[in-house]
Amino acid sequence: MARQMYLRMKIPMDFPIIINVDPTNACNLLCTMCPNSQPPSVKKRFLDMDLYEKIVSEISARKKRIYRFFLVKDGEPLLHKNIIDMVALAKEKNISQIVTVVTNGVLLDSRKSRAFIECGLDDIGISLDAASRETYLKTKGRDSYDAVVDNILHLQEMKKSMRKKRPVVRLKFVETPENTQEKQAFIKKWKGKVEKLEINPLHDWAGSMRLDQTGELKQKSERYPCSLLWYTMVINCDGSVSLCCIDYGWKTVVGNVREKSLSDVWNSREMEEVRMRHVRGDYDQLPVCNTCTYWKIKENIRDFLKKKYKNQEISE
Ligand code: SF4
């Protein structure tokens, strides 16, 4: 409710408060719940540092920090050779209250852990998704369970020995048919060893994967506008801007921050048209939103948006 109140006070925003930048869409695992395990629909790339610096410099030039800056979208960010420099620059320029990396933890070796602690990374999400080596292999497609567990424990020990509280570790578990029997064992095993545990429902990436969704996403519910469109910006590793993280195949690109400023893309006619379609309940022309269920876990601000945009129309 507090979040809804906050959004009601702030929307429309002239700049996003949450920004995702994807260092790469390449990955080193084959998770059953992720479209990255399927044949690629988009060429694998790595974000170039010139573009990254342009993005950070625009955010930094604004007077106010954003709330959260994520270094992740489609791939495994630790595959990028400059991932530490990326975090260090975001922290040095003080662009966001929270800088987050989300990783599968396979490459989170001692050197990277130390560098993340030293450069002040605030938060790290680690997708473990299992409580045993067998289930990990079935869920993640590679036999890296023991290595990832060691990496997590080592990061926690290192923080302790360096007397640092950050990065906060959020250990993640997406509930799938392969691992659901281990959910309680996962919680029991990790409670008290990491700062946060996150159990998330399985989603089918707007119909791009054949998965039996769980939790709230499975329930039938009346459609309402996706609030993400009013506060989150998602930049792919080639600089194109997708509507959200669900757009794995880059089907909803509304601009490119290589050619335009973040602010221009955020306030563009293309972006505003998408928002207005959501307000009007007209999802048919939006290929990814049309088949998506992810909006269900976001706040329902439909009535507020309808009032806010009462007198505004979009041209077809
Ligand atoms: S409805 Fe789904 S695809 Fe559309 S912006 Fe929201 S989360 Fe993304």
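The values are calculated or read from the model by the stated rules, or taken from the named source; none is laboratory data. None of the values given here were measured: they were computed from a predicted structure. Neighbour counts are summed over all protein chains in view; Cβ atoms, including those assigned to glycine, are modelled from backbone coordinates with ideal geometry.
When residues of the range 1-47 are filtered for being touching a Gly at 6+ places or on another chain (Cβ under 7 Å) and either outside any loop (DSSP other than H, G, I, E, B) or surrounded by fewer than 16 Cβ atoms within 10 Å (Cβ to Cβ) (or both), how many remain?
Number of matching residues: 6.
If I ask for residues that are of a type outside the set (S, T, N, Q), touching a Lys or Arg at 6+ places or on another chain (Cβ under 8 Å) and surrounded by 23 or more Cβ atoms within 10 Å (Cβ to Cβ), which ones from the range 102-125 would you list? Spell out how you get there, then give the answer.
Start the filter on the range 102-125 by keeping residues that are of a type outside the set (S, T, N, Q), which leaves 102, 105-109, 111-112, 114-125.
If we keep only those that are touching a Lys or Arg at 6+ places or on another chain (Cβ under 8 Å) as well, we get 102, 106, 117, 119-125.
Leu121, Ile124 - these are the residues of the range 102-125 that are of a type outside the set (S, T, N, Q), touching a Lys or Arg at 6+ places or on another chain (Cβ under 8 Å) and surrounded by 23 or more Cβ atoms within 10 Å (Cβ to Cβ).
Scanning the range 195-247 for residues that are within 13 Å of Tyr294 (Cα to Cα) and among the hydroxyl-bearing types (Ser, Thr, Tyr), which turns out surrounded by the most Cβ atoms within 10 Å (Cβ to Cβ)?
Ranking the qualifying residues of the range 195-247, first place goes to Ser227.
Which ones in the range 177-198 are under 19 Å from Pro167 (Cα atoms) and either part of a loop (DSSP other than H, G, I, E, B) or not aromatic (Phe, Trp, Tyr) (or both)? Spell out how you get there, then give the answer.
Step one: filter the range 177-198 for residues under 19 Å from Pro167 (Cα atoms), giving 190-198.
The answer is Lys191, Gly192, Lys193, Val194, Glu195, Lys196, Leu197, Glu198.
Could you list, in sequence order, the residues of the range 120-151 that are in contact with a strand residue (DSSP E or B) (Cβ under 9 Å, 6 or more places away or on another chain), within 19 Å of Glu195 (Cβ to Cβ) and not polar (S, T, N, Q)?
Taking the range 120-151 first, the residues in contact with a strand residue (DSSP E or B) (Cβ under 9 Å, 6 or more places away or on another chain) are 120-131, 139-140, 148, 151.
Now drop any that are not within 19 Å of Glu195 (Cβ to Cβ), which leaves 120-129, 131, 148, 151.
Within the range 120-151, Gly120, Leu121, Asp122, Asp123, Ile124, Gly125, Ile126, Leu128, Asp129, Ala131, Val148 qualify.
I'd like to check something: does the range 289-300 contain any residue that is out of contact with any Leu (no Cβ under 8 Å at 6 or more places or on another chain), more than 25 Å from Phe69 (Cα to Cα) and within 10 Å of the ligand (Cβ to nearest atom)?
The answer is yes; a qualifying residue exists.
With the structure loaded, tell me whether Ser57 is of a type in the set (Gly, Ala, Ser), out of contact with any helix residue (DSSP H, G or I) (no Cβ under 7 Å at 6 or more places or on another chain), at pLDDT below 95 and on the phi < 0 side of the Ramachandran plot or whether it fails that test.
Numbers: of a type in the set (Gly, Ala, Ser): yes; out of contact with any helix residue (DSSP H, G or I) (no Cβ under 7 Å at 6 or more places or on another chain): yes; at pLDDT below 95: no; on the phi < 0 side of the Ramachandran plot: yes.
No, not satisfied.
Only one residue in Cys244, Cys237 is near the ligand (Cβ under 10 Å from one of its atoms), closer than 23 Å to Arg62 by Cα and at pLDDT 95 or above, so which one is that?
Numbers: Cys237 fails: near the ligand (Cβ under 10 Å from one of its atoms).
Exactly one of Cys244, Cys237 is near the ligand (Cβ under 10 Å from one of its atoms), closer than 23 Å to Arg62 by Cα and at pLDDT 95 or above, namely Cys244.
Within the range 48-85, how many residues turn out to be of a type in the set (Lys, Arg) and crowded, with 22+ Cβ neighbours inside 10 Å?
Within the range 48-85, residues that are of a type in the set (Lys, Arg) and crowded, with 22+ Cβ neighbours inside 10 Å number 1.
Please enumerate the residues belonging to the range 265-286 that are within 13 Å of the ligand (Cβ to nearest atom) and touching a residue at least 60 places away in the same chain (Cβ under 8 Å).
Tyr283
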